[in-house]
Structure formats: C-alpha cells, structure tokens
Amino acid sequence: MNTCVQDKYLMELGESAVAEFEQRIANIPSELCSAFNVAAMRLQDELVRLYKLVALCARSEENLDKVASLWEFMEGMCDRFAHELSKLDTEHPACGADLYYNQILDLRNKCRRLGEMHR
C-alpha cells in the first residue's frame, strides 16, 4: 500500500509556489536585479523540493504507470516554473534569468528521461 501524497496535493504545492513567486515579483522594479535573483532562486528551490517529494513517492510506488505519471507531472511543473521565469526575464532582461531557466530545463529533461524509463 502506497501512502504517498495524492496528485492533487502535489499540484497544489506547485501552483502555490508559483502564486507566491508571482506575489513576490509583482512590484520589483526592472532595474533591481538582487530582488529578482532572490525571487528566482526561491522559485527554483521550491521546484527542487517538489522534485524531491515526487522522487520519494516514485521510489515507494510499485505501479510503473503511476511512476511514469509522477515524472510526467514533474515535467509539467518544470514547464510551469520555466514559463514564470521567462515572463520575469522579459520584465528584467539584464538580471540573468538564463541561469535559473537552464537549471529548470535540465531538471525537466531529467524528469522526462525518468518518465520514459518507466513506461
């Protein structure tokens, strides 16, 4: 019997992190890169926490279809977080979002490989 977090709660965690990010950056002046970097770092940290939770769930899951679906969920969350960063990069082009964006895409690719491996 698997007692991991239900999918809807994983989604809620991810969406909550995005909403908090949007609130934090709403009033950042375009020339203020330090606040941007703190917000981007926090967003990335939230994604990594979600990844770790999904990894724990996948490790204890016996159903390979469910494991694949967990990694597909994480791939989608990476897309969602990357989208938020790309919007912020448009508003703060000189603040170096590429670093955070590329790290999120690397994690997305890892999740995709794990999903494909469990199909």
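VAL48: at pLDDT 90 or above and closer than 15 Å to TRP71 by Cα, yes or no?
yes
VAL48: under 17 Å from the mean Cα position of the chain (by Cα) and not in a helix (DSSP H, G or I), yes or no?
The answer is no for VAL48.
Is it true that SER16 is farther than 22 Å from GLY96 by Cβ and either touching a helix residue (DSSP H, G or I) at 6+ places or on another chain (Cβ under 9 Å) or of a type outside the set (Asp, Glu) (or both)?
Working: farther than 22 Å from GLY96 by Cβ: yes; either touching a helix residue (DSSP H, G or I) at 6+ places or on another chain (Cβ under 9 Å) or of a type outside the set (Asp, Glu) (or both): yes.
Considered against the rule, which asks whether it is farther than 22 Å from GLY96 by Cβ and either touching a helix residue (DSSP H, G or I) at 6+ places or on another chain (Cβ under 9 Å) or of a type outside the set (Asp, Glu) (or both), SER16 comes out as yes.
Among the residues that make up the range 57-77, is at least one of them over 26 Å from GLN6 (Cα atoms), open to solvent by 40 Å² or more (accessible area, probe 1.4 Å) and not hydroxyl-bearing (Ser, Thr, Tyr)?
Checked the range 57-77: no residue is over 26 Å from GLN6 (Cα atoms), open to solvent by 40 Å² or more (accessible area, probe 1.4 Å) and not hydroxyl-bearing (Ser, Thr, Tyr).
Pairs please, first residue from the range 47-65 and closer than 15 Å to LEU13 by Cα, second anywhere and not hydroxyl-bearing (Ser, Thr, Tyr) and not in a helix (DSSP H, G or I), Cβ atoms under 7 Å, 6+ apart in sequence or on different chains.
From the range 47-65, the pairs are LEU53/VAL5; CYS57/CYS4; CYS57/VAL5.
Name the single residue, out of those in the range 78-99 being in a helix (DSSP H, G or I) and among the aliphatic types (A, V, I, L, M), that is most open to solvent (accessible area, probe 1.4 Å).
The residue in question is LEU99.
Regarding LEU99, is this residue aliphatic (A, V, I, L, M) and within 29 Å of GLN6 (Cα to Cα)?
So LEU99 does not fit the description; no.
For SER34, indicate whether it is assigned to a helix (DSSP H, G or I), open to solvent by 60 Å² or more (accessible area, probe 1.4 Å) and hydroxyl-bearing (Ser, Thr, Tyr).
Yes.
The values are calculated or read from the model by the stated rules, or taken from the named source; none is laboratory data. No experiment lies behind these values; they were computed from the predicted model shown. Cβ coordinates were reconstructed from backbone atoms using ideal geometry, including for glycine residues, and neighbour counts include every protein chain displayed. What goes into the accessible areas is simple: the full protein's heavy atoms, side chains included, and nothing from ligands, DNA or RNA. Shrake-Rupley method; radii C 1.70, N 1.55, O 1.52, S 1.80 Å.
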